[in-house]
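Here the structure is laid out as structure tokens; the discussion comes afterwards.
The values are calculated or read from the model by the stated rules, or taken from the named source; none is laboratory data. Everything numeric in this text was worked out from a predicted model, so none of it was measured. Cβ atoms come from the backbone with ideal geometry, glycine included; neighbour counts cover every protein chain shown. With ligands, DNA and RNA removed, areas are computed over all heavy atoms of the protein, side chains included. Shrake-Rupley method; radii C 1.70, N 1.55, O 1.52, S 1.80 Å.
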Amino acid sequence: MQLEQKNVLLGISGGIAAYKTPDLVRKLIAQGANVRVVMTDSAKEFVSSLALQAVSGNKISNSLLDEDAEAAMGHIELARWADIFVIAPATANVMAKLTHGLADDLLTTLALATAAPIAIAPAMNQQMWAAPATTENIQKLQERGVLQIGPASGEQACGDIGYGRMVEPEDIVSFIADYFSDVSEADAIFAGKKIMITAGPTREALDPVRYISNHSSGKMGYALAEAARKMGAQVTLVSGPVSIKPPANVDVVSVTSAQQMHDAVMGNIQQQDIFIACAAVADFRLADVPTHKVKKKEGTLTLSFEQNPDILKTVAAQTNPPFTLGFAAETNDVEAYARNKLERKKLNMIAANDVSSSELGFNSDRNALTVITTDNKISLPAASKYSLAIELLKLLNNEYSTIQNNKKSK
Ligand code: C5P
């Protein structure tokens with residue numbers, strides 16, 4: 001049973017897919033979950049609360065002002081009880097309310113009151129799903145860390161075909177099981193360890209209003225920070241400018257230029273057990289940054305650049321360096337360049353990725369890595385950056401533990 005003793009709070013809003021929720025509840029319970037259900041008024045038009053009460057074995061909550069329900073388990077208590085709050089189906093209306101923090105019924109109030117992760121399974125007509133307002137809402141919700149399950153594509157109740165169908169109950173259950181399994185499987189292997197991670201691009205000023213930078217999204221570094229945190233580490237994330245939200249319970253130091261990133265890292269590196277350089281740091285910066293905006297003129301513009309410090313190399317060259325993991329983003333001869341970098345920068349481990357594929361790497365949510373140490377090479381096949389982060393950190397921990405044990409036995 002994959003959800004043994006997990007408290008799943010299921011929020012049902014008013015879409016036709018609500019008729020599948022008794023089956024969803026049954027499947028959650030079959031995996032060992034405790035399920036409590038909260039419904040909106042319109043959900044009750046599509047599915048009977050009596051059926052849900054029968055399958056969940058608990059009284060259904062649907063009103064903030066229900067004295068009996070509040071006496072049995074008040075809404076704040078319910079919000080605290082949940083290990084995860086799953087909203088399925090999540091209508092366009094409920095998504096809009098969640099985006100704006102409205103709390104005009106029990107379901108939306110719980111979404112604000114709970115500290116548990118929220119997962120939504122959107123379900124709506126394909127045109128409503130494609131509407132710009134819905135697109136903006138889902139983006140905002142994702143940025144806040146709301147987990148998204150689907151929607152699936154296919155034939156809809158209204159006869160349209162397209163994206164907007166609620167994902168099937170068994171797939172919702174698998175999603176929730178995966179969510180919990182990677183947290184518990186990861187366990188606290190880094191408990192008591194301090195890990196510093198650099199992430200994102202750097203920006204090098206050309207004048208007070210212009211800069212040069214690169215396409216790094218920061219997603220891989222942020223996924224590593226989140227995974228390392230869940231695996232028990234105390235994480236410091238030194239981040240260049242990105243548009244994604246940092247994970248919870250991680251110390252974030254925001255920087256802009258390579259020099260600032262270098263200073264932020266070196267100011268705190270002595271306390272770290274592990275250093276992961278995931279940032280795409282600019283190798284060069286303008287030698288003399290003008291204090292005023294450069295004016296347009298005829299002809300060509302010649303700029304003179306000087307080298308930025310190599311942060312990773314500087315860290316690895318210290319007398320007592322932390323365990324170092326670097327990244328190598330290459331477009332050709334990936335392994336050879338990576339191995340060369342491992343030796344030249346005196347690293348413990350390097351993770352190489354091929355950024356020539358537009359499907360993977362830089363701006364994508366997915367990646368594939370070849371992980372190289374002095375005597376080992378392991379390929380981690382294409383997966384989400386978060387799953388890869390977990391696998392990479394497990395490999396790192398094996399290597400780190402071996403080195404620590406060797407030190408002890410000397
Ligand atoms: O030499 P290259 O830039 O390809 O090395 C990539 C690795 O070195 C990455 O881990 C990157 O974060 C790190 N790096 C750094 N400081 C630099 C350049 C790269 O920490 N100035």
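Before moving on, here are some points about what is shown:
- In the stretch 328-356, of all residues being surrounded by fewer than 16 Cβ atoms within 10 Å (Cβ to Cβ) and farther than 13 Å from Ile372 by Cα, the one that is nearest to the ligand (Cβ to nearest atom) corresponds to Arg344.
- Which numbered condition Ser61 fails, given (1) without any contact (Cβ under 8 Å) to a residue 40 or more places away in the chain; (2) open to solvent by less than 40 Å² (accessible area, probe 1.4 Å); (3) hydroxyl-bearing (Ser, Thr, Tyr): (1)
- Qualifying residues in the stretch 290-311 (those that are within 11 Å of the ligand (Cβ to nearest atom) and free of Cβ contacts under 8 Å to residues at least 60 places away in the same chain) - the one most open to solvent (accessible area, probe 1.4 Å): Gln307
- Residue count for the stretch 86-122, restricted to those that are open to solvent by 40 Å² or more (accessible area, probe 1.4 Å), in contact with a Gly (Cβ under 9 Å, 6 or more places away or on another chain) and among the aliphatic types (A, V, I, L, M): 1.
- Count of the stretch 209-225 residues, restricted to those that are in a helix (DSSP H, G or I) and of a type in the set (Gly, Ala, Ser), is 3.
- Pick from the stretch 227-255, criterion within 20 Å of Ile212 (Cβ to Cβ) and open to solvent by 60 Å² or more (accessible area, probe 1.4 Å), ranking: nearest to the ligand (Cβ to nearest atom): Ser254
- Residues in the stretch 235-245 that are in a loop (DSSP other than H, G, I, E, B) and either within 16 Å of the chain's Cα centre (by Cα) or closer than 14 Å to Ile276 by Cβ (or both): Val242, Ser243, Ile244, Lys245.
- In the stretch 275-289, of all residues being over 20 Å from Gln318 (Cα atoms) and of a type outside the set (Gly, Ala, Ser), the one that is farthest from the ligand (Cβ to nearest atom) corresponds to Asp288.
- Residues in the stretch 139-177 that are assigned to a helix (DSSP H, G or I) and open to solvent by 20 Å² or more (accessible area, probe 1.4 Å): Gln139, Lys140, Gln142, Glu143, Glu170, Asp171, Ser174, Phe175.
- All conditions in (1) modelled with pLDDT of 95 or more; (2) among the charged types (D, E, K, R); (3) in contact with a strand residue (DSSP E or B) (Cβ under 7 Å, 6 or more places away or on another chain) hold for Asp251, with the sole exception of (1).
- Condition check for Ala228: free of Cβ contacts under 8 Å to residues at least 60 places away in the same chain, touching a strand residue (DSSP E or B) at 6+ places or on another chain (Cβ under 8 Å) and part of a helix (DSSP H, G or I): no
- Residues (over 21 Å from Arg80 (Cα atoms) and either buried (at least 18 other Cβ atoms within 10 Å of the Cβ) or touching a Ser or Thr at 6+ places or on another chain (Cβ under 6 Å) (or both)) located in the stretch 32-56: Ala43, Phe46, Val47, Leu52, Val55
- Considering the conditions (1) open to solvent by less than 30 Å² (accessible area, probe 1.4 Å); (2) modelled with pLDDT under 95; (3) under 25 Å from the mean Cα position of the chain (by Cα), Asp83 is excluded by exactly one of them, (1).
- Counting the residues of the stretch 276-289 that are over 30 Å from Leu395 (Cβ atoms) and free of Cβ contacts under 8 Å to residues at least 60 places away in the same chain gives 2.
- Criterion (of a type in the set (A, V, I, L, M, F, W, C) and within 30 Å of Ala123 (Cβ to Cβ)) met by exactly one of Ala177, Ala188: Ala177
- Within the stretch 365-379, the residues that satisfy the criterion of being at pLDDT 90 or above and in a strand (DSSP E or B) are Leu369, Thr370, Val371, Ile372, Lys377, Ile378, Ser379.
- Residue within the stretch 313-327 that is within 28 Å of the chain's Cα centre (by Cα), modelled with pLDDT of 95 or more, over 18 Å from Gln271 (Cα atoms) and within 14 Å of the ligand (Cβ to nearest atom) present: yes
- Among (1) at pLDDT 90 or above; (2) open to solvent by 50 Å² or more (accessible area, probe 1.4 Å), the one test that Glu67 misses: (1)
- Residue list for the stretch 90-127, filter: of a type in the set (D, E, K, R) and assigned to a helix (DSSP H, G or I): Lys97
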